[in-house]
Amino acid sequence: MRILFIGDIVGKPGRDIVCQAVEGLVREQRLDLVVANAENAAGGSGITPAIYRELTRAGVDAITLGDHIYRRKEIYSTLEKESNIVKPGNLPPESVGREWAVVRARNGVDVAVSCFLGQLFMKPVNSPWSAADRVLSQIPSDVRVRFVDFHAEATSEMQLMGRYLDGRVTAVLGTHTHVPTADECILPEGTAFQCDVGMTGPHESILGRRIDRVMETTLTGLPTEFEVATGDLRINGAIVECDPETGRATQITRLRVTESDLPRLENLVKIAAPN
Ligand SMILES: [Fe+2]
Ligand SMILES: [Fe+2]
């Protein structure tokens, strides 16, 4: 079976390209499940209930989050009641949201989804290592396909998480740096791994924000508003192929969708739709 993971969706430009592309990608890439990190989906930081609905209606089956999870507090109720959106598993246990979700893929297979925050160069959080052990022990043992988003800054820590969970999960894919790494691989015990799948949104930017604003603040020290940029929209992600019986990954492929791909993808949807 084939699972697409979409990296950090940034602002409206990021949502727009996801909404335009996902249905076509599901057809073209024969996807059974689409998971996306949406921690930056609301104006570049956080997520709202309306955006949750927008993304899930567009075909995103499960949502992971990161350090910006609670930036918009309207999302608390969604985190409490919806079954396909997860908080990082190493936030305080008192924080709002579920630590893992099981979602049914288009081929009928149940897939567990969770995410964790890194500790290096990040705000202090609980150990992602013990949190991963705890979360994995709670997921029903018959759910063999297990997907982990490791939201972290340092490639060393990401590589360690890949090795730590190798053979215990189907995929450990990174988010948070917003820059895709060219290290996708299947680890020795059958876990698909990539340090960071990259971000989804405007790439004529500094990690999704307007270049001039970030430049000004950096050069002068004066605060500006880091508005979400608008140019060169792309989806960055990875497609993991795995055996639904064992949960072992057999292949991982980086995915990049640009605006020039949209007519082709939208056409696929039109052809498939009855008049
Ligand atoms: Fe992010
Ligand atoms: Fe982040």
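Filter region 143-161 down to the residues that are outside any helix (DSSP H, G or I) and out of contact with any strand residue (DSSP E or B) (no Cβ under 8 Å at 6 or more places or on another chain), then identify the one that is least open to solvent (accessible area, probe 1.4 Å).
By that ranking, first place goes to Ala154.
Which one is nearest to Ile9 (Cα to Cα) among residues in region 173-202 that are β-branched (Val, Ile, Thr) and in contact with an Asp or Glu (Cβ under 8 Å, 6 or more places away or on another chain)?
Among those residues, the one meeting the criterion is Thr200.
Can you give me the number of residues within region 212-242 that are without any contact (Cβ under 8 Å) to a residue 60 or more places away in the chain, over 17 Å from Ile17 (Cα atoms) and touching a strand residue (DSSP E or B) at 6+ places or on another chain (Cβ under 7 Å)?
1
Hey, among Gly66, Gly24, which residue is away from ligand 1 (no atom under 16 Å from the Cβ) and in contact with an Asp or Glu (Cβ under 7 Å, 6 or more places away or on another chain)?
Within the list Gly66, Gly24, the selection yields Gly24.
Within region 162-220, how many residues turn out to be more than 12 Å from ligand 1 (Cβ to nearest atom) and in a loop (DSSP other than H, G, I, E, B)?
Final tally of qualifying residues: 16.
Considering Ile51, Ile17, Ile9, Ile63, which residue is in contact with a Leu (Cβ under 8 Å, 6 or more places away or on another chain) and either of a type in the set (Phe, Trp, Tyr) or farther than 14 Å from Asp149 by Cβ (or both)?
From the options Ile51, Ile17, Ile9, Ile63, the qualifying one is Ile17.
How many residues does region 203-222 hold that are in contact with a Pro (Cβ under 8 Å, 6 or more places away or on another chain) and either within 18 Å of Arg15 (Cα to Cα) or crowded, with 22+ Cβ neighbours inside 10 Å (or both)?
Count: 1.
Return the residues of region 94-141 that are touching an Asp or Glu at 6+ places or on another chain (Cβ under 8 Å), assigned to a loop (DSSP other than H, G, I, E, B) and open to solvent by 60 Å² or more (accessible area, probe 1.4 Å); say none if nothing qualifies.
Arg106, Asn107, Gln119, Leu120, Phe121, Lys123
The values are calculated or read from the model by the stated rules, or taken from the named source; none is laboratory data. Source: prediction; values computed, not measured. Methodologically, a virtual Cβ is constructed for each residue, glycine included, from the backbone with ideal geometry; neighbour enumeration extends over all protein chains shown. We work out accessible area using only protein heavy atoms, side chains counted, and drop any ligands, DNA or RNA first. Shrake-Rupley method; radii C 1.70, N 1.55, O 1.52, S 1.80 Å.
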